Amino acid sequence: LCCQCGVPIPPNPANMCVGCLRAQVDITEGIPKQGTVHFCKQCERYLQPPGTWIQCALESRELLALCLKKIKASLSKVRLIDAGFIWTEPHSKRIKLKLTVQKEVINGAVLQQVFVVEYVVQSQMCEDCHRIEAKDFWKAVVQVRQKTVHKKTFYYLEQLILKHRLHQNTLRIKEIHDGLDFYYSSKQHAQKMVDFLQCTVPSRSKSSQRLISHDIHSNVYNYKSTFSVEIVPICKDNVVCLSPKLAQSLGNMSQICVCIRVTSTIHLIDPRTLQIAEIDGNTYWRHPFNSLFHPKQLEEFIIMDINRVQEKKKGAGAGARSNKHTLAEAWVRKTSELDTDHQYFCCTHLGHILNPGDLVLGFDLANCNLNDEFANKMNPQHIPDVVLIKKSYDRSRRQRRRNWKLKELERDREASDTDDERQYQDFLEDLEEDETIRKNVNIYRNADIPVESDTDDDGAPRISLAEMLEDLHISQDATGGEGAEMLT
């Protein structure tokens, strides 16, 4: 019989029934039944004391561990058997845990009890969001500059940053006329950005720091760091003139070359031999060279006659040749001089896409004044009359049927002009024409523009649907936004 109430029970060490035992002993005594957790609305993270902010979805393992750590000390006297969430409204600012504990009581009897702990979710802005809201508080800035007129390299760099999500730690991105400024709350984030830039584009960097304050008692210094990154001033489709020493070291290339691509290195091609070479940032800064022409100086030519040329014999010490291009000899005439009989002869690397009657963009070296230290010292016989750059297509038609789009960085812009829009269209056309660059860029399908049939195709390069990503729109996150459903 139970020693308290006299009810017949199976024998146990305490000689009491369960009801009396619970009335005598409360094993949850000393364990708090209420608590608070701090939540940042801006970044949707929870505070893990003393100063760590972690991302937790509602009813997740991480959030359960966070709540249990709050009462970890008081749970040391009992044995935790089970813990789980009780469903609450996502916007109620309440989190309820159902805990099952065991404890040895009178004479070795083990008692098990279930109880509920309720947490109130309090809003508190984390330090990172504080700094972002302040906008002026930064400890490091990365100043990216390129001394060119065309921004093709910057548009490519922007897509790389978006793909690798390196813009997440920035406090602010500011656009100025010849580059971008990235502001950071810590020097480590800025250094990570500088390392990324040096791996993805040919560049050089230098750093400096300015003392803001100094606590002489604790010997703590507060610095603001500045990293300056200068990208090589060469863009895709530039015509360059190499120094004789550099041209010789690259396999006796011609000094007049065309830049076909800028990735982590500068990719050059010799339009007369199809010889290709790659120049990294260190080589460029040791043997610098400039672009001979401004992009606005591109002139339109029409192909009068073109002949594919069989493989020429390689010269002594010649380097690798391009397999994607075809060498050809062409007679061209300027579209502005169609009423005259003046024709130009040139060698070109575009023999695989050019036919008689095609329009092509190029630079006229025969009637220009080259202001370059290496070009002025060259033998005039070695300077071609015309260098053809790329085939010309109807731009308005290409824009009209472009059924894809790119994402952009959120940044403080200066007033953009029509020239910026023209340069951006140039970059989009380069993506359509160059598969190698396209692999490093996230391209999203634009559902607003219908897919046209190929009946009116003028041969312009296009991006296939297989290379496009579906643009994902998430209205609310699972961490308790307005009207969000709780994860189960």
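The values are calculated or read from the model by the stated rules, or taken from the named source; none is laboratory data. Predicted, not measured: the structure shown is a model, and the values here were computed from it. For neighbour counting, all protein chains shown are included, and Cβ atoms are generated from backbone atoms with ideal geometry for every residue, glycine included. SASA here: full protein model, heavy atoms, side chains in, ligands and nucleic acids out. Shrake-Rupley method; radii C 1.70, N 1.55, O 1.52, S 1.80 Å.
Key figures
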item	result
Hits in the range 104-117 - residues which are open to solvent by 40 Å² or more (accessible area, probe 1.4 Å) and touching a Ser or Thr at 6+ places or on another chain (Cβ under 9 Å)	Q112, V114
Positions within the range 136-162 being in contact with a Phe, Trp or Tyr (Cβ under 6 Å, 6 or more places away or on another chain) and not in a strand (DSSP E or B), in sequence order	W138, K152, Y155
Within the range 275-391, strands (runs of 3 or more DSSP E) holding 2 or more residues that are closer than 27 Å to S243 by Cβ	276-279, 344-348, 359-364, 386-391
Given (1) open to solvent by 30 Å² or more (accessible area, probe 1.4 Å); (2) more than 30 Å from L292 (Cβ to Cβ); (3) in contact with a Gly (Cβ under 6 Å, 6 or more places away or on another chain), index of the condition H130 fails	(3)
Odd one out for S74 among (1) of a type in the set (S, T, N, Q); (2) open to solvent by less than 70 Å² (accessible area, probe 1.4 Å); (3) in contact with a helix residue (DSSP H, G or I) (Cβ under 9 Å, 6 or more places away or on another chain)	(3)
In the range 87-103, residue surrounded by the most Cβ atoms within 10 Å (Cβ to Cβ) [restricted to those that are of a type in the set (A, V, I, L, M, F, W, C) and more than 17 Å from C56 (Cβ to Cβ)]	L99
Residue match in the range 152-164 (condition: in contact (Cβ under 8 Å) with a residue 24 or more places away in the chain and over 25 Å from D430 (Cα atoms))	no
Cβ-Cβ under 7 Å pairs, at least 6 apart or on other chains, the range 10-28 side of a type in the set (G, A, S), far side open to solvent by less than 50 Å² (accessible area, probe 1.4 Å) and in a loop (DSSP other than H, G, I, E, B)	A14/V105; A14/A109
The range 172-212 - residue that is assigned to a strand (DSSP E or B) and basic (K, R) and, of those, nearest to D412 (Cα to Cα)	K174
Which numbered condition V7 fails, given (1) open to solvent by 30 Å² or more (accessible area, probe 1.4 Å); (2) assigned to a loop (DSSP other than H, G, I, E, B); (3) touching a helix residue (DSSP H, G or I) at 6+ places or on another chain (Cβ under 8 Å); (4) of a type in the set (A, V, I, L, M, F, W, C)	(3)
Scan of the range 29-63 for residues that are of a type outside the set (K, R), open to solvent by 40 Å² or more (accessible area, probe 1.4 Å), in contact (Cβ under 8 Å) with a residue 12 or more places away in the chain and closer than 30 Å to V105 by Cα, ordered by number	G30, P32, Q34
Residue list for the range 422-459, filter: at pLDDT below 70 and either aliphatic (A, V, I, L, M) or surrounded by 13 or more Cβ atoms within 10 Å (Cβ to Cβ) (or both)	I449, V451, E452
Single match in T348, T326 (criterion: over 20 Å from N238 (Cβ atoms), modelled with pLDDT of 85 or more and touching a strand residue (DSSP E or B) at 6+ places or on another chain (Cβ under 8 Å))	T326
Residue check, L21 touching a helix residue (DSSP H, G or I) at 6+ places or on another chain (Cβ under 8 Å), open to solvent by less than 20 Å² (accessible area, probe 1.4 Å) and assigned to a helix (DSSP H, G or I)	yes
Qualifying residue in the range 53-67 (condition: assigned to a strand (DSSP E or B) and within 39 Å of the chain's Cα centre (by Cα))	yes
Of all residues in the range 392-420 being part of a helix (DSSP H, G or I) and not acidic (D, E), the one that is modelled with the lowest pLDDT	T418
Residue count, the range 133-167 (criterion: loosely packed, with under 15 Cβ neighbours inside 10 Å, more than 23 Å from S225 (Cα to Cα) and aliphatic (A, V, I, L, M))	1
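Conditions (1) within 29 Å of L431 (Cα to Cα); (2) in contact with a Cys (Cβ under 7 Å, 6 or more places away or on another chain); (3) in the same structural domain as I279 (by the TED database); (4) open to solvent by less than 40 Å² (accessible area, probe 1.4 Å), marked per residue:
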| position | (1), (2), (3), (4) |
| --- | --- |
| G319 | yes, no, yes, yes |
| K334 | yes, no, yes, yes |
| L338 | no, no, yes, no |
| Q343 | no, no, yes, no |
| D364 | yes, no, yes, yes |
| N376 | no, no, yes, no |
| P380 | no, no, yes, no |
| N403 | yes, no, no, yes |
| E408 | yes, no, no, no |
